[in-house]
Amino acid sequence: MRTLRWILCLLAGSWAQAAENNPLTVEMISEMTQIRARQTFWVGFHLKHPPGYHSYWKHPGVVGVATKITWQLPAGYTAGEIVWPAPQKVMMSIHPAQGYRGETLLMVPITAPENLTTASVTLGAKLDWMCCRQSCHPAHAVPFSLTIASGPEPRVNEAHAALFTRFRATVPQPDARWLVKATVKGQQISLILRPASGNERRIEELGELWFFSGDGAIDSSTPQVQTRLTDGSLQLTLQRYEFGPATLTRLTGVLEAAKGWEAEGKKPCIAIDAAVQE
């Protein structure tokens, strides 16, 4: 699966050329300027894409490679999983995929050990990414490092705090105001949605929906058909990806509403985690 995505991207561009002239700008930043023992703090990788370029979400779809972090941390420090902002629909040549345009911030929680024995700590990481337009520009094991002071009291990095706050707000969360059911029949999956009791937002106010598959169960390159059912609920018909999970027990990912899940276009995305019924 991973090999297939690399081949599809590399067919569109030269590895050597891409390595010499990668268009993606990446900066490693921290939400804190000083940390204390046992504290969990946040480090981010600020990605800036030139116009027309994109990189990829945690699952890229039928083409592309997700950004990967390999940590090099001092003894006693531990890193959590990447917290991914909501993805966007991107195009690699004729292939629709799941990624990011413009700028995004990949955020990771880091936990300090019980005892800090030095006045500062240096965190190291190596990143792999794929930045594409009409051709792809892969980057492998690009080194980054960041030094943060340590002391008795934590101190917020005022230069970056607002950026973390902005992108943290774009991370999709579950929304109990919407009831979701998923069913599978052959190669089609139906995602059925209706408002929960007390939810005044109507189905017809959502606009076009699009589902981003978190594990590759859905083919990102096929249309997603939206249908109103007789009971007033909405059905989104999805195509299973031939290289996706062979067994599907849960449908996980992000559901985007073009007109927002709240009035005035607010909250465009929610997280979906639904048991799949036969």
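Structure summary
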| quantity | calculated |
| --- | --- |
| Test: residue in region 14-28 that is surrounded by 20 or more Cβ atoms within 10 Å (Cβ to Cβ), out of contact with any helix residue (DSSP H, G or I) (no Cβ under 9 Å at 6 or more places or on another chain) and at pLDDT 95 or above | yes |
| Extreme residue, nearest to the chain's Cα centre (by Cα), among residues of region 154-199 that are surrounded by fewer than 14 Cβ atoms within 10 Å (Cβ to Cβ) and under 23 Å from residue 220 (Cα atoms) | 173 |
| Residue 260 vs. criteria on the phi > 0 side of the Ramachandran plot, modelled with pLDDT of 95 or more and over 18 Å from the mean Cα position of the chain (by Cα) | yes |
| Where a residue in region 60-85 is loosely packed, with under 15 Cβ neighbours inside 10 Å and its partner, wherever it lies, is of a type in the set (Phe, Trp, Tyr) and assigned to a loop (DSSP other than H, G, I, E, B), with Cβ under 9 Å and at least six apart | 71/77 |
| Residue, farthest from the chain's Cα centre (by Cα), within region 23-33, restricted to residues that are among the aliphatic types (A, V, I, L, M) and in a strand (DSSP E or B) | 32 |
| Residues satisfying the stated conditions in region 155-185, i.e. assigned to a strand (DSSP E or B) and among the β-branched types (Val, Ile, Thr) | 156, 180, 183, 184 |
| Strands (runs of 3 or more DSSP E) lying entirely in region 50-154 (those with 3 or more residues that are at positive phi and among the hydroxyl-bearing types (Ser, Thr, Tyr)) | none |
| Region 200-232, subset over 21 Å from residue 262 (Cβ atoms) and small (Gly, Ala, Ser), residue surrounded by the most Cβ atoms within 10 Å (Cβ to Cβ) | 220 |
| Residues of region 34-49 satisfying the condition of being in contact with a Pro (Cβ under 9 Å, 6 or more places away or on another chain) and not in a loop (DSSP other than H, G, I, E, B) | 34, 35, 40, 41, 42, 43 |
| Number of the condition not met by residue 215 [criteria: (1) closer than 30 Å to residue 31 by Cα; (2) outside the structural domain of residue 263 (by TED's automatic domain parsing)] | (2) |
| Verdict on residue 247 being under 18 Å from the mean Cα position of the chain (by Cα) and either among the polar types (S, T, N, Q) or more than 21 Å from residue 98 (Cα to Cα) (or both) | no |
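The values are calculated or read from the model by the stated rules, or taken from the named source; none is laboratory data. Just so we're clear, the structure is a prediction, and the values are computed from it rather than from any experiment. Don't worry about glycine lacking a Cβ; one is built from the backbone with ideal geometry, like all the others, and counts go over all protein chains shown.
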